[in-house]
């Protein structure tokens, strides 16, 4: 940048420093986006498939999405676990592969990871047959794993009549990530409605 | 269009030709006028059009990507966003470096970049189906905008940061506070913080101070208006979450401290900020009184019941009293605005006061319509108030006529 131009426009040392610092802030924001995209594109951990029911609400803040309901979000789906897990707590659940199927289902839940391991051991399951997943209790005995919204473009047909399966990624920390929906073994693509 | 200083220069030049003043005095007068002239960069039509254009571009970009969601691959969408974000910010900063701080295009490019940040958050969230709380996104947006607004001393960016902070608090508070009463009471913190910041920002940039004060004043008036409907939302929505009330007390203390600090360290203590403070104090007292009744620090009062279209509405007398006090304060404030506006020949104050009074009457008419008893009492009170107003207005008119005669 020619020094004469800068001087002519009355931008002092502090002004220049402020612009340079602002450039650093912008670079940090870009790095934040790049890092976030990289992390979300390649989530570590294994993939599991679970049965899902779909609804079709809209949200002014988040756009249109398909609401996904999972059986394992309800305490009643688990054969083993405390009677009551109060709202606001963390919850640990075990999902086990259904015999002879690809799908995982609710096995046991507990307020701690150690307690869950003990419950699974009692049930006779070995490592590899089940996955440990962490969630939050949003109201008494109802759990949230942050995988309930599958975003679709405006005007997509509601997929409620399809027999959909959700493919979830389980990170090493036990968090779930929604990867895709499948219909009869093929990735489900949102279908635009014809008007 | 010739500005005030140009016109003054022409006029003083004429006076100098007539021999009424010498050239040195003329120059000193022009210099004085130039030094007192307020910066008007943001008010210029070109700036406003540029900012509208920048806002339109952000919205258009987001909508177009949404409309072509199937045709654009996720990678392309992300690449497009990152490129646009980087180019906007880089161009804005380069223009600032070359053209100084008052470059309209540079301001709008930075504004566009900061707006795109929110678009980027939404884009990544949607592409990877992340079910996150919108409050987290708004908080990140706010944290990303504040440093740029401070470093670039930009009023539009300060406005964007204010918007993101207010939206974040509104969304976050709705989730955090378990009762409507506590949540509603906590919203008074927003104008308190903004009015406090207005005083502090005045040290650095006059226009930013004006922006904070305007938004803070608007939110304060809005809060008072809704406090006039207090009896409708004083119930708990969910089970009490521990710490909700403690956090409110802590936030309130901080906001009031900020307000006092800003008010008393303001470099240009003016009438508008003092008057905002005068409106703030009774509003705060009403707000705290509502909380005290809600938390039963004050014993619950008698329950008053009204039949309305076959339904029985029951209100605690204390809640009703706060509701009425807030409504009266609203009307007093609006009428004061008209009176002060007429006295100081400020048209905008008169218009604001008239619109505020009209809004109050119209909405309260629909709010209070119900049983014969309820409607009768409200019409009696409203009629009496209008009679007093009419008497006062007539007295003013006669005094004015006597003066002019």
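What follows draws every value from the coordinates through simple rules; no lab data is involved. Since the model is a prediction, treat every value here as computed from it, not as a measurement. Here Cβ is always computed from backbone atoms with ideal geometry, including for glycine, and neighbour counts include all displayed protein chains.
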*How much mean residue ellipticity at 222 nm does chain B get from its helices, if each DSSP H run of length 4 or more adds -39500 (n - 2.57) and you divide by all residues, to the nearest 500 deg cm²/dmol?*
-27000 deg cm²/dmol
*asked:* Could you check the spin-label model distance between residue A:16 and residue B:246? Points 7 Å from the Cα along Cα→Cβ, value in nm.
replied: 5.2
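Which value, to two decimals, describes the C-alpha radius of gyration of the range B:323-402 once divided by 2.2 N^0.38 Å? Let's see the in-between values first.
On the way: Rg = 14.2 Å, N = 80, 2.2 N^0.38 = 11.6 Å.
It is 1.22.
When a/c is below 1.5 the answer is rounded, else prolate if a/b is larger than b/c, else oblate, so apply that to chain B with a ≥ b ≥ c taken from the square roots of the Cα gyration tensor eigenvalues.
Values: a/c = 2.13, a/b = 1.13, b/c = 1.88.
Because a/c hits 1.5 or more and a/b fails to exceed b/c, chain B counts as oblate.
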_Tell me whether the range B:78-165 comes out rounded, prolate or oblate; compute the Cα gyration tensor, take square roots of the eigenvalues as a ≥ b ≥ c, and use a/c under 1.5 as the rounded threshold._
oblate
*Taking a ≥ b ≥ c as the square roots of the eigenvalues of the Cα gyration tensor of the protein assembly as shown, is the shape rounded (a/c under 1.5), prolate (a/b larger than b/c) or oblate?*
oblate
